[in-house]
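> Here it is: the structure, laid out below.
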Amino acid sequence: MSLQSTTEPPVPVVRAPRIGAAVVLAVIAGIIVLAPMLPGWLVTWPGELVIPAAKGLSAAIAWISQAQITDGLAVKDVTRTLSSVIEWPTRMLEAILVDGFNSGFGSQAQSILPPLSWLGLVGATLLLAWRLGGVRLTVLAAFTAAYLLFFGLWHSAMQTISLLAVAVPIGAGLGLGLGVMLWRRPRIQGPALLAFDQLQTIPIFAYLVPIVVFFGLGYPPAIIVTVIFAVPTMIRTTVAGLILAQTSVGELAQSLGCNQRQELWKILVPTAQAELRVGVNQIVMLSFSSTVLASLVGTNGMGYDILVALRQLSIGRGIEAGVGITLMAILLDRFFQNSVNRAARPRMPLARLMPVIAALLLVPTLISVWVPELVSFPKAWELSTGSFADGIVEWTNINLFWLTDGLKTALMLHVMLPIKGFMAGVPWSGGVALIAFLGYLVGGWSRAALVGALMLAIAMVGLWQVTMLTIYLCSVAVLAAFLLGTPIGILAGRSRAAARIILPVVDTLQTLPAFVYLMPVIMLFGAGDFPALVAITAYAICPMIRFTELGIRNVDVSLKEAGAQLGMTSMQRLFKVEIPTAAPQILLGLNGTIVMGLAMLVVTALIGTKDLGRETLNALARVEPGQGLIAGLAVACLAVIANRLVGGLAEKRLAAQTSGLSS
């Protein structure tokens, strides 16, 4: 009997959950494919049931702005007064760095004090760079200053610094205060951090409209938008830093008899200084990325230079300004990194350098009263690559038109248009059911309810059709970024020589403003979905490369050696050992690519796409704050859905690896 039991073939085990999942998926696929045969209310959300959320929000914002606080004093009057308060320091800094102080207006204006000389500012910057980072940082600072001067970007750069010098302290102070508040209240910490994180997934266009309603045009709305966009990172780093500090030195504070205020400001905050400086650094970097969008409400600076170049299709000038922003962001990043790393090198006390810095700033400025070239860099010394870059594009359009147009036509006809037609026909019932089912597979009923409710909300506010067009364009771009970025990331992860070339290029692409990507694709491919696809792919590919490289490089050496001992070839080790082990990081890179693709969709609306980005752009043009907010929230919903599905899959894979290692 025992012999018979050992020789009989095993009875196949039927996995009921898998069969059930296959049946449910088949039903959902049938709903989507057979949409023309379904009742109309299952295909298109009934018009009479559409929630007029956009009109309601617009009416609420208008009512709030006109609401009377006291007789003759409306909310809008208070916000406009606050706008003047915010604008004053920006204008003061702009006068110090760019315009100087004048009496009178227009042709009658007379100079009272000149602005700080470019020579003095460069000298002071180089001295600070030498103190913080030695020769390397000084060389970087010198190159950045020379680039801005010789390409005629100095005044625009100083205008950008004037804006950021106000926005960054406000963002840092607000982020620190809110971070401390959440650290003191652990119960609301998780939901609040999640809500703040979603602020960064809502397109800036969405909340730019209501802010303009309350604060008008110019620097104040630009500063407020920049703060809203950048402050969540400061909040998160503050909370994380204080938690780590309390874990390490909290008992010391209690043993010293400190009260809560003393423990916070005299022990925990100084201990968490490194994390707090990283948060400030991130505010600076994110603020640079929002400079172009800020120029849409009437600010000057390098963002405005890029916007003008885009309108004039001056690709050379736009790239010059974009590279200038990148160099400034990298330079400030290095300044902050070196200020955090106190053990990097011995430093001269800053107090001893202050007289030298003051002399460097004041002496050239005083001389500039008699030497105008020290106020404005001589035009005769300026350079421009505009004609060269425009010539390259013109040569490409003439000689390689057959290639660019052929590639565009082939991909549009055989890939993009079929997918677009399919997505446009997806019924809301099938789409919501599919997303909820995927949520169930990844994280159970709770995740299914969350992602399904978010998709249902999009249908209920009447944005289903444009959302499907958004998913179509974003999914094709993400697929292209995945297919291109994964091999590049694998190459960088397996070869240090390749990483030294690839990773600096990726870092540079990540710091370029999104608008810079539009100019070359417009001039090569015109307007429409295909150039938008190219721009989104180029903008969103960076996380895919970065996380893939990180995952491949961090594969345990013992696993690679075990594969080699089993006789695996290099390619076998890659596909059977390294990629499966790095799968959680690769999925996180895919999640980041989706989020960046959704963010870029709003920018590509400027070149003719018809999706949620176009809805937010139209809302800005028509000053409809409700429509802009609803469209922006729909984009945020898609980002949350992608995070819960792809990020959840990465968590699941990582948990499986962890349990496998522990067993």
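> Amide H neighbours of Trp45 under 5 Å, at least 5 residues apart or on other chains, H built in the peptide plane: list them.
Answer set, sorted by chain and number: Trp428.
> Can you work out ³J(HN,Hα) from phi for every residue in the stretch 209-217, in order, using Karplus 6.51 cos²θ - 1.76 cosθ + 1.60 and θ = phi - 60°, giving whole Hz and x for Gly and Pro?
Here the 3J(HN,Hα) series is 5, x, 5, 4, 4, 7, 10, x, 9 Hz.
> Using a Förster distance of 51 angstrom, determine the FRET efficiency expected from the C-beta separation of Thr70 and Gln337, and round it to 0.05.
On the way: r = 50 Å, r/R0 = 0.98.
For R0 = 51 Å, the calculated efficiency reads 0.55.
> Under the rule a/c < 1.5 gives rounded, and otherwise a/b versus b/c splits prolate from oblate, where does the stretch 234-372 land using the Cα gyration tensor? Please report the intermediate quantities before stating the final value.
Working: a/c = 2.98, a/b = 1.62, b/c = 1.84.
Because a/c hits 1.5 or more and a/b fails to exceed b/c, the stretch 234-372 counts as oblate.
> With label points built 7 Å along Cα→Cβ from the Cα atoms of Ser111 and Asn399, find their separation and express it in nm.
4.7 nm
> Another question, then. Cβ under 13 Å from Phe101's Cβ, Phe101 left aside: what net charge do those residues give with Lys, Arg +1 and Asp, Glu -1?
-1
> Can you work out the FRET efficiency for the pair Leu362 and Arg496, with r the C-beta to C-beta distance and R0 = 60 Å, to the nearest 0.05?
Working: r = 48 Å, r/R0 = 0.80.
E(calc), rounded to 0.05, equals 0.80.
> Another question, then. What nm value, rounded to one decimal, do you get for the distance between Glu651 and Cys258 when each label is placed 7 Å out toward the C-beta?
3.3 nm
> How big is the charge dipole of the stretch 479-564 about its Cα centre, in debye rounded to the nearest 20, if each Lys and Arg gets +1 on its Cβ and each Asp and Glu gets -1 on its Cβ? Let's see the in-between values first.
Working: 6 positive and 5 negative charges, 48 e Å.
In total the dipole reaches around 240 debye.
> For an R0 of 45 angstrom, estimate the FRET efficiency from the Cβ-Cβ distance between Phe388 and Arg352 and round to the nearest 0.05.
On the way: r = 46 Å, r/R0 = 1.01.
Using R0 = 45 Å, I get an efficiency of 0.50.
> Taking the alpha-carbon centroid of each part, what is the distance from the stretch 308-339 to the stretch 444-498 in angstrom?
28 Å
> Taking amide H positions as placed in the peptide plane 1.01 Å from N, state which residues far from Ala74 in sequence (5 or more) or on other chains have amide H under 5 Å from it.
When sequence neighbours closer than 5 places are left aside, the close amide H contacts are Ile69.
> Could you size up the charge dipole of the chain around its Cα centre, putting +1 on the beta carbon of Lys and Arg and -1 on that of Asp and Glu, and report it in debye to the nearest 20? Could you put the intermediate results ahead of the total?
Details: 40 positive and 29 negative charges, 279 e Å.
About 1340 debye.
> Counting other Cβ atoms within 10 Å of each Cβ, which chymotrypsin sites (Phe, Trp or Tyr not before Pro) in the stretch 97-188 have at most 10 and sit in a DSSP loop? Write out the running numbers ahead of the final one.
Values: sites: Phe101, Phe105, Trp118, Trp130, Phe143, Tyr147, Phe150, Phe151, Trp154, Trp183; in loops: Phe105, Phe151.
Of the chymotrypsin sites (Phe, Trp or Tyr not before Pro), the ones in loops of the stretch 97-188 whose Cβ has at most 10 other Cβ atoms within 10 Å are Phe105.
> Here's a follow-up. Given contacts defined as C-alpha pairs under 8 Å and at least six residues apart, what's the relative contact order of the chain, whole-number percent? List each step's numbers first, then the result.
On the way: 876 pairs, mean separation 123.8, N = 663.
Relative contact order comes out at 19 percent.
> Based only on Cα atoms, what Rg/Rh ratio does the stretch 439-563 have, Rh being taken as Kirkwood's radius? Mind dumping the intermediate values first?
Numbers: Rg = 18.8 Å, Rh = 17.3 Å.
Rounded to two decimals, Rg over Rh is 1.09.
> For q values of 0.08, 0.14, 0.16 Å⁻¹, compute log₁₀ I(q)/I(0) with the Debye formula on a Cα-only model of the stretch 472-629, without solvent.
Cα-only, vacuum Debye calculation for the stretch 472-629: -0.30, -0.73, -0.87.
> More than 31 Å apart: what percent of Cα pairs in the chain qualify? Walk me through the numbers before you get to the answer.
Details: 135384 of 219453 pairs.
Here the tail beyond 31 Å accounts for 62 percent of pairs.
> Per residue, how many Å² of accessible area does the chain show with a 1.4 Å probe? Show your work: numbers first, answer last.
Working: 32790 Å² over 663 residues.
With all protein chains present, the chain gives 49 Å² per residue.
> With contacts defined as alpha carbon pairs under 8 Å and 6 or more residues apart, what's the relative contact order of the stretch 231-324 in percent?
Values: 72 pairs, mean separation 23.3, N = 94.
The value is 25 percent.
> Quote to one decimal, in nm, the extra length available between Arg136 and Arg311 on full extension: 0.36 nm per residue of separation minus the C-alpha distance between them.
Values: separation 175, 0.36 × 175 = 63.00 nm, distance 3.74 nm.
Once the chain is fully extended between Arg136 and Arg311, it gains 59.3 nm.
> Once you compute Rg and the Kirkwood Rh from C-alpha atoms, what is the Rg to Rh ratio for the stretch 68-152? The partial results should precede the final answer.
Values: Rg = 20.0 Å, Rh = 16.4 Å.
When Rh is taken as the Kirkwood radius, the ratio is 1.22.
> Oh, and also: Nothing charged except the Cβ atoms of Lys and Arg (+1) and of Asp and Glu (-1): what's the magnitude of the dipole of the stretch 36-142 about its Cα centre? Round to the nearest 20 debye. It would help to have the intermediate numbers written out before the result.
Working: 6 positive and 6 negative charges, 76 e Å.
In total the dipole reaches around 360 debye.
> Separation between the Ser475 and Met181 pseudo-spin-labels, each 7 Å from Cα along Cα→Cβ, expressed in nm?
4.1 nm
> A follow-up question, please. If each Cα of the stretch 404-493 is one equal point scatterer, what is log10 of I(q)/I(0) from the Debye formula at q = 0.10, 0.13, 0.23 Å⁻¹?
-0.37, -0.60, -1.08
> Still on this structure, please answer the following. When ranked by the protection proxy of mean other Cβ atoms within 10 Å per residue, highest first, what sequence do the peptides 358-367, 44-53 form? Write down the numbers at each step before the final one.
On the way: 358-367: 16.4, 44-53: 12.8.
Top of the packing list down: 358-367, 44-53.
> Please report the accessible area of His414 (heavy atoms, 1.4 Å probe, ligands and nucleic acids excluded) in Å², nearest 10.
Around 140 Å² of this residue is reachable by solvent.
> Give me the percent of the accessible area of the chain that comes from carbon and sulfur atoms, probe 1.4 Å, all protein chains in place.
Details: 22580 of 32790 Å².
Summing carbon and sulfur atoms, their accessible area is 69 percent of the total for the chain.
> Additional query: Can you bin the stretch 495-568 into rounded, prolate or oblate? Criterion: square roots of the alpha carbon gyration tensor eigenvalues sorted a ≥ b ≥ c, rounded for a/c under 1.5, prolate for a/b above b/c, oblate for the rest.
Working: a/c = 3.88, a/b = 2.71, b/c = 1.43.
Since a/c reaches 1.5 and a/b is larger than b/c, the shape of the stretch 495-568 is classed as prolate.
The values are calculated or read from the model by the stated rules, or taken from the named source; none is laboratory data. What you see is a predicted model, and the numbers here were worked out from it, not measured in a lab. Cβ sites come from the backbone with ideal geometry, for glycine too, and all protein chains shown count toward neighbours. Ligands, DNA and RNA are excluded from the accessible area calculation, which covers all protein heavy atoms including side chains. Shrake-Rupley method; radii C 1.70, N 1.55, O 1.52, S 1.80 Å.
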